[in-house]
Amino acid sequence: MARGAELAGERRPCGPVVAYFTSAKFLLYLGHALSTWGDRMWHFAVSVFLVELYGNSLLLTAVYGLVVAGSVLLLGAIIGDWVDKNSRLKVAQTSLVVQNASVILCGVILMIIFMYKTQLLTLYHGWLLTVCYILVITIANIANLASTATAITIQRDWIVVVAGEDRSRLADMNATIRRIDQLTNILAPMAVGQIMTFGSPMIGCGFISGWNLMSMCVEYLLLWKVYQKTPTLALKSARVEESELKQLNAKKESDVKPSEGVQLIVEKDVSGFEPPQEKEVGCAARMAEPFITFRDGWVAYYNQPVFLAGMGLAFLYMTVLGFDCITTGYAYTQGLSGSVLSLLMGASAVTGIMGTVAFTWLRRKCGLIRTGLISGVAQFACLVLCAISVFMPGSPMDLTVSPFADISARLFESEPLPTIASPEEVFATGMPNLLNGSTTPANSDPEMSPEPVPLISVSLLFAGVIAARVGLWSFDLTVTQLLQENVVESERGIINGVQNSMNYLLDLLHFIMVILAPNPEAFGVLVLISVSFVAMGHIMYFRFAQKSLGKQLFVCRTPDRKEVADSSPPGNTSTV
């Protein structure tokens, strides 16, 4: 007996570790990491593939970006409605299979194009190759829509159910998901980039297709395991029910045992359900259904108590102050090398992870809504550095130069469209000016090269952008959890679908803004406009917080885990 107790005591410390690695929470993290890694590799590689295929031109990449943004903008509410109307497991598995199958098919088509591009150019005067391009963009867009459905169902619904009624656990899970996103954003493109550099684009296509095939099988199994370990995932309230399930942060009316609570719901669903009489639906009604869903989704979004908070988050997408192709292109025009930019991107990932840590700490100390306020102030204060950089030495801003001068030159002087140099040309001649299309070598003759540009302005710009990531990601997590807690279960899909549409709309507007003013002399104006939109977004959030907390807005105190008043305004006014 004593020996048995000793052995049990020796094995006991491993128990919590094993329990954690087999828990639904860890399996959800693992599945999300695999999914995000594949997504980031594909999003990075597909743009490079399209540029490589179309003779180092940005045309196909621009068309792809426009199609993706427009599709999510128009179909976000419809995708969310589909998520709401079907069982959780069916939605997750269907979107997973469609997404990965689309990427695999795209990879195979791209491999064929790379192998037989010369022959395809001669067939039917090149129209067959054009059809292949259209096919690749269409299937890649389907993969992105399926990825959107996966993000909505896992990150906005499953995670809430797995967390249960523990809001602190939900906050920790949201923060962990964002940390995984930050790491994969940096590591996945680096990995596939090395494969494409030391191999070839065709090898890159094959690797991504193989990865998605294996990842799909593992993710499918992980989803099934999470579903089995969390029985409440099988219970989903329908929008047609008279009484909606209570929000996550609502107080319990009575203490009911978990098994009794489940039984009540099951009895309600089975015994109280009367199958509706089937009605014949006309062709016109079927055609109008997507438009009605689109309208109802936006109306429901507007009627949400967290509408202003969601709009505030969407406004943050209308900015050039991020590590995208626009900001990096501007950095190259100001003399920053690729190695320096890679270090800056790594620093931004670190500050983003710091933002997720700050979110969990602030939420425990000050509550969820006040965390959003503090995060907003921190982000805006850092972006003030970006606004100041516009007027510092080295800034190319020149208000005497028309922002439309570059467009006028192209239209009236028949200037050719800018192209991206191949990696070999970049290595030999230096980085081209990506922002205004100039291909002047960065390493030209020293006697002919202009004076070096002072780095004060660009240093302040990137210092502000990197520091602002702490507040940005903390604010993003705040609004994400507000949507999770305050949107009723039967509307989570459609509301988050509309939120994605709003984000894409503002993101699309920021690209249009750059297209209208692409020259470096106008970049300072774009920075000031971006800071203004960030300020407007946080003003919207401040108004939401003021409505929710009233006079208690600036009273910072440690909230109770199941406190109601701090995280939602009373009542849900959604009418859909």
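Gain in length, V525 to S87, computed as 0.36 nm per residue apart minus the alpha-carbon separation, to one decimal in nm?
Numbers: separation 438, 0.36 × 438 = 157.68 nm, distance 4.80 nm.
Gain on stretching V525 to S87: 152.9 nm.
Taking 51 Å as R0, compute the FRET efficiency from the Cβ-Cβ separation of F21 and A535 and round it to 0.05. Write down the numbers at each step before the final one.
Details: r = 44 Å, r/R0 = 0.87.
The pair F21/A535 has a calculated efficiency of 0.70.
Accessible area of T184, 1.4 Å probe, to the nearest 10 Å²?
Probe radius 1.4 Å; accessible area of T184 about 10 Å².
Debye calculation, C-alpha points only, no solvent: report log10 I(q)/I(0) for region 272-377 at q = 0.11 Å⁻¹, in the same order as the q values.
-0.69
Considering only protein heavy atoms, with the full assembly of protein chains and a 1.4 angstrom probe, order R179, R363 by accessible area, largest first. Could you put the intermediate results ahead of the total?
On the way: R179 65, R363 15 Å².
Putting R179, R363 in descending order of accessible area: R179, R363.
For the cross-link pairs K225/K365; K229/K365; K90/K229, which exceed 24 Å when the distance is taken from alpha carbon to alpha carbon? Please report the intermediate quantities before stating the final value.
Working: K225/K365 35 Å; K229/K365 32 Å; K90/K229 16 Å.
Those over the limit are K225/K365; K229/K365.
Keeping all protein chains in the complex and leaving out DNA, RNA and ligands, what accessible area do you get for I353 with a 1.4 Å probe, in Å² to the nearest 10?
50 Å²
Run the quick spin-label model on L213 and T197: label points 7 Å from Cα toward the beta carbon, then report their separation in nm to one decimal.
2.8 nm
For region 161-221, take the convex hull of the Cα atoms, compute a quarter of its surface area, and give me that in nm², please.
On the way: hull surface 20.7 nm².
Mean projected area for region 161-221: 5.2 nm², to one decimal.
How do F315, F523, F44 rank by accessible surface area computed with a 1.4 Å probe, from largest to smallest?
Working: F315 30, F523 5, F44 80 Å².
Descending accessible area places them as F44, F315, F523.
The values are calculated or read from the model by the stated rules, or taken from the named source; none is laboratory data. Nothing here was measured: the structure is a model prediction, and the numbers come from that model. Here the Cβ is made from the backbone with ideal geometry for all residues, glycine too, and neighbour counts use every protein chain on show. For accessibility, only protein heavy atoms count, side chains too; no ligands or nucleic acids. Shrake-Rupley method; radii C 1.70, N 1.55, O 1.52, S 1.80 Å.
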